[in-house]
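The next block holds one structure in the form of structure tokens; read it before the comments.
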Amino acid sequence: MPHDYKKLEYWLKNRKNNILIMGVVNVTPDSFSDGGLYFKPRDALEHAKKLISEGADILDIGGESTRPGSDPVSVQEEIDRTIPLIESIKSFNPNCVVSIDTYKSEVAEKAILAGASMVNDISGLTFDPNMVDLVVNYRLPIVIMHMKGTPKNMQNNPKYDNLLLEINNFFKKKIKFAKSKGVRNYQIILDPGIGFGKSFDDNFEIIKNLDFINSLGYPVLIGTSKKAFIGNILDNAPVGDRLFGTAATISIGINNGARIIRVHDVYKMKQVAIVTQKLIGVR
């Protein structure tokens with residue numbers, strides 16, 4: 001299902017089970033995995049082309065690092081980083097499905113006008129009250145992610161009385177809010193926010209129990225790629241040595257109900273997804 005929004009919309013409306021691969025393009029100097037590697041426009045475009053050639057179904061474009069402890073950037077800075085890239089991607093491949101990774105409605109609208117057809121909001125429609133109206137007006141998919149706190153403080157000893165129940169209650173509240181504003185069922189995608197206001201053990205608990213979130217009836221997206229909880233269990237492996245650990249989380253995540261996988265290494269992780277699909281019988 002490569003690079004075609006109409007097919008993505010069909011997938012969402014019909015709750016298809018085949019796995020979608022979302023490739024990450026961070027146009028930032030400070031993201032935890034690839035900060036600075038694709039900060040220059042030419043480098044970012046070449047990387048986007050590479051991910052398309054490797055089989056990415058969606059490209060997720062981000063102009064602000066949301067790693068633990070990060071500071072926000074201005075709306076204009078985020079626009080300046082992301083919009084030229086989106087325009088270049090759509091010029092190269094008009095059918096490419098582009099997601100804008102932002103919690104700012106002004107950035108999201110500029111991205112949509114430039115060709116983005118999906119919004120990935122790490123705040124889960126919390127930080128910007130205008131985001132939900134934007135999604136309704138353009139009738140585009142919205143990723144509602146769970147996060148405790150903000151990127152600046154989210155990893156300051158996060159604690160839960162009941163991790164899974166709190167996440168599910170958050171989603172129920174946000175789904176009710178979104179639908180009350182006019183968001184349609186098929187537009188909603190849920191992301192439990194691996195690494196966003198979670199302890200290392202919390203992240204493993206979420207992956208093991210994705211069926212709990214899946215029971216809400218919406219597609220589940222997970223983003224585990226190269227994150228610190230993987231490095232922690234692998235004797236503090238550096239980011240570049242977390243590929244196989246990432247593969248394990250993706251395979252188990254798919255087995256437990258994840259249907260959109262957000263990754264940096266598209267070619268290798270797509271192989272993991274294909275083999276896992278075959279093993280568990282996902283069509």
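Laboratory data are not the source of any read-out in this text; all were calculated from the coordinates shown. On a predicted model such as this, the values are computed, not experimentally measured, just so you know. For neighbour counting, all protein chains shown are included, and Cβ atoms are generated from backbone atoms with ideal geometry for every residue, glycine included.
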As a quick test, which of the pairs Lys148/Lys174; Lys179/Lys208; Lys104/Lys176 have an alpha carbon distance above 18 angstrom in this structure?
Lys179/Lys208; Lys104/Lys176
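Send over the per residue convex hull volume for the stretch 171-283, Cα only, as a whole number of Å³. Display every interim value, and only then the final one.
Details: hull volume 12.4 nm³, N = 113.
Hull volume normalised by residue count: 110 Å³.
Computed over the Cα atoms, what is the radius of gyration of the stretch 64-191 divided by 2.2 N^0.38 Å, N being its residue count?
Cα-based Rg divided by the globular estimate yields 1.09.
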Long-range amide H partners of Met118 with built H, under 5 Å:
Ile100
Considering only C-alpha atoms, what is the centroid distance from the stretch 181-226 to the stretch 56-81, in Å?
20 Å
Extension gain Asp211-Phe127, at 0.36 nm per residue separation less the Cα-Cα distance, in nm?
27.5 nm
So which trypsin sites (Lys or Arg not before Pro) in the stretch 148-232 are both in a DSSP loop and have at most 14 other Cβ atoms within 10 Å of their Cβ?
Lys152, Lys159, Arg184
In straight Cα distance, which lysines are under 22 Å from Lys49, not counting same-chain residues fewer than 8 positions off?
Lys6, Lys7, Lys40, Lys90, Lys110, Lys226, Lys268, Lys270
In whole Å and largest first, what semi-axes does the C-alpha gyration tensor of the stretch 181-222 yield when each eigenvalue is scaled by 5 and square-rooted?
23, 12, 6
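Counting helices only, and only those DSSP H runs with n ≥ 4, report the 222 nm mean residue ellipticity of the chain as the sum of -39,500 (n - 2.57) divided by its residues, in deg cm²/dmol to the nearest 500.
Working: 11 runs with 125 residues, N = 283.
Mean residue ellipticity at 222 nm (helix-derived): -13500 deg cm²/dmol.
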Long-range amide H contacts for Thr224: which residues qualify at under 5 Å (H placed 1.01 Å from N, peptide plane, sequence gap of 5 or more or a different chain)?
Arg262
Among Tyr103, Tyr218, Tyr186, which comes first, second and so on when ranked by fewest other beta-carbon atoms within 10 Å?
Tyr186, Tyr218, Tyr103
Cα-Cα pairs above 22 Å in the stretch 5-280: how many percent?
53 percent
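In percent, how large is the relative contact order of the stretch 5-280, given Cα pairs closer than 8 Å and 6 or more residues apart? Could the numbers behind the result be given before it?
On the way: 507 pairs, mean separation 51.3, N = 276.
Here the relative contact order equals 19 percent.
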